């Protein structure tokens, strides 16, 4: 009787497991995309640190840690915790029911360079997540500074738009209502014509701005034709993207070397996981090292990815036989330097747009002053 009960219990457990498996649905791609948007650098770094703290001070495995964190994120509700709870639920499902490893389940949620760090060092999960956390914090700083640098151009653009709208809706109608048609000539007529042209083509301007806002980032990230590397990388926007990508190479390479990887292994991992833009540079470095016998430092300095000062220092470190130590020191310094350079250009762009606003207002006052003089 007991054996029959045991068999029935086992059969029931198997059926229940199959039912649970069928009922647990995969997240749609759109939901994963949305969750990834909220899974920012800061949130990821916080999660990595929590996983490290739990695993370092308990006997829980990586799977057990994810389950424990998911339960607590669900219990201690906040916006970030709710997002993390949903993300961890998907990771747990993939590990439990699809047999994936941790480095496989996180692939769709994190940038390629972070995934590379975790996958390359996952024989020791704590170290892998620690390296990824350091990498994430550095890129979080870069993103934060760029976002702060964009404040000035955005404010200046809003001021320009507000001035144009104000003139269109208030100032020009008042002028037209108070002035005889014969007096509307010269500068004031030119100003009204300019404003009329801008307002009548407002939707075209907005449409062009939206198309450019969508297409330029895509072109900057995806366009890898030879003409881009030769000419367009000197233009604003393209040049800044090159700076950011060059900095990411130094940071990723320094992190991989810190984790004990050789230059050859580091370059191989980076080539597999890097952006489309960086792939030709990394491939050229690997080719120089394997076919031409060039040292890693010389290859880095020779591919025209870094600015002259960085290439110069890489050459010196190579000559001194201290390329690994130099890279570790250089990655932090270059990050700070490039951030300052990008922010400075953002501020300059803001001042240019602000100058356009002031020129527009100045043109209006000059036109009104000229009109007043002619009426005396």
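Just so you know, all these numbers are worked out from the coordinates, no wet-lab data involved. All of these numbers come straight from a predicted model, not from anything done at the bench. All Cβ positions, even for glycine, are placed from backbone atoms using ideal geometry, and neighbour counts span all protein chains on display.
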Need the C-alpha centroid separation for segment 197-239 versus segment 305-335, integer Å.
33 Å
So if we plug the beta-carbon distance of residue 284 and residue 209 into 1/(1 + (r/R0)^6) with R0 = 30 Å, what FRET efficiency do we get, rounded to 0.05?
0.25
Rounded to 10°, Cα long-axis angle of helix 125-149 versus longest principal axis of the chain
10 degrees
Could you let me know the centre-to-centre spacing of segment 59-105 and segment 242-292, using Cα atoms, in angstrom?
31 Å
Where does helix 308-319 land angle-wise versus the long Cα axis of the chain, in degrees 0 to 90, nearest 10?
30 degrees
Rounded to the nearest 10 degrees, what's the angle between the helix 29-38 long axis and the longest principal axis of the chain, both from Cα atoms, 0 to 90?
70 degrees
If the viscosity is 1.567 mPa s and the temperature 4 °C, what translational diffusion coefficient in µm²/s does Stokes-Einstein give for the chain when Rh comes from Kirkwood over Cα pairs?
51 µm²/s
Determine the relative contact order of segment 174-301: mean sequence separation of Cα pairs under 8 Å and six or more apart, normalised by residue count, in whole percent.
17 percent
Want the number for residue 143 to residue 63: 0.36 nm per residue separation, take away the alpha-carbon distance, what's left?
25.7 nm
What percent do you get for the relative contact order of the chain when only Cα pairs under 8 Å and 6+ apart count?
21 percent
